[in-house]
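Notes for the one structure printed next.
The values are calculated or read from the model by the stated rules, or taken from the named source; none is laboratory data. Computed from a predicted structure; not experimentally measured. Reconstructed Cβ throughout: ideal geometry from the backbone, glycine too, with neighbour counts over all protein chains shown.
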Amino acid sequence: MTVPPVKLNDQTTIPQLGFGVFQVPPAETAATVSTALEVGYRHIDTAQMYGNEAGVGEAIAASGIARDELYVTTKLNNGFHRPDDARREMAASLERLGLDRVDLMLIHWPLPTRYDGDFVSTWQALVDFRAEGGATSIGVSNFQPEHLDRIVAETGVIPAVNQIEVHPFFGNQAARAASVGHGIAVEAWSPIARGQVNDDSAIKGIAAKVGRTPAQVALRWHLQRGDIVFPKSTKVERMRENFALFDFELAADDMAEITGLDRGEAGRLGPDPDVFDYIPD
Ligand code: NDP
């Protein structure tokens, strides 16, 4: 099964389908990621906040897979937005991952109500980190349209990706459109709405018609829209299920029906980036 590459605005490519490790317990991460690599995943999405970068690194080291066949993303944690902290902690991520560079480093959250409203100097720290070779690509996560406009206007550097919540029940249309408008690739987090797509009658109906599971139908919907996804599972059968997406296609009317499930803000499962201000201890 070949995962198609998506071309980013910095001329690099990213596998459109990957594996997310949010809420994978640190002690189980090495084994879980090893299983995902055996299933065929070559793109891993972690974060400092998840506390499991070391487990990701352990699995990569044990895999014997060539570095240039793997794509590794991590994210700067919320307590480290000041440039000095960002520099130190991005270097610490490389240590924990056992890598001399990541493929993609993101600012995890904009935190517009923290740091005197400054996320621009944080973005500049990522720009410098890339220039020094610590990351091949840099991007942001949970950035709203005005946050994107501001970092682009003030630094002239356009993020390669914006990783935002998107699933059939939350289209996140303004942030998605603003990203696309800047030429920024959209990474859709919680792509199967944390399993809730399994309970939706419209998605179940389409799944029955095409002979697939609701999770596969939802993931296929993302892929056909061009978004990058990395569903999370600790179960090997589901890892396989979520990876088997390239031998079927959804018809235009099925795509439109799923897009029509968007509940607007009411469908949001995670925090609102405009007010989210969590800083871990
Ligand atoms: P997902 O939409 O990937 O759903 C994961 C949940 O669904 C888990 O509870 C999993 O349980 C279950 N599940 C997985 N596959 C199936 C299946 N085929 N059928 C039924 N249930 C299934 O949610 P996530 O929130 O984990 O998002 C994916 C990734 O996105 C994260 O791991 C992380 O990398 C990223 N993310 C980024 C955020 C950000 O702020 N930038 C925020 C949230 C996520 P089980 O493990 O038991 O199989």
In the range 63-94, which residues are among the basic types (K, R) and touching a residue at least 60 places away in the same chain (Cβ under 8 Å)? K75
Every residue from the range 173-216 that is in contact (Cβ under 8 Å) with a residue 24 or more places away in the chain, in contact with a Gly (Cβ under 9 Å, 6 or more places away or on another chain) and more than 10 Å from the ligand (Cβ to nearest atom): Q173, I184, A185, V186, A202
Given the residues V236, V229, which is the only one that is touching a strand residue (DSSP E or B) at 6+ places or on another chain (Cβ under 6 Å) and either closer than 28 Å to T13 by Cα or more than 10 Å from the ligand (Cβ to nearest atom) (or both)? V229
So, in the range 151-177, of the ones that are in contact with a Pro (Cβ under 9 Å, 6 or more places away or on another chain) and in a helix (DSSP H, G or I), which residue ends up farthest from D272 (Cα to Cα)? V152
Quick check: anything in the range 42-60 surrounded by fewer than 16 Cβ atoms within 10 Å (Cβ to Cβ) and either within 12 Å of the ligand (Cβ to nearest atom) or of a type in the set (D, E, K, R) (or both)? no
So for the range 235-250 (the condition being farther than 23 Å from H43 by Cα and either at pLDDT 95 or above or outside any helix (DSSP H, G or I) (or both)), does at least one residue qualify? yes
Close pairs (6 angstrom Cβ cut-off, 6 or more residues apart or separate chains): outside any helix (DSSP H, G or I) in the range 41-55, among the charged types (D, E, K, R) anywhere: R42/E69; T46/E53; A47/K75
Is there any pair linking a residue in the range 217-231 that is under 19 Å from D254 (Cα atoms) and free of Cβ contacts under 8 Å to residues at least 40 places away in the same chain to one that is among the β-branched types (V, I, T) and part of a helix (DSSP H, G or I), with Cβ under 9 Å and at least six apart or on different chains, and which? R220/V210; R225/T259
Please list, ordered by first then second residue, the pairs with beta carbon atoms under 9 Å, 6 or more apart or interchain, first in the range 263-281 and within 12 Å of the ligand (Cβ to nearest atom), second among the basic types (K, R). L269/R194
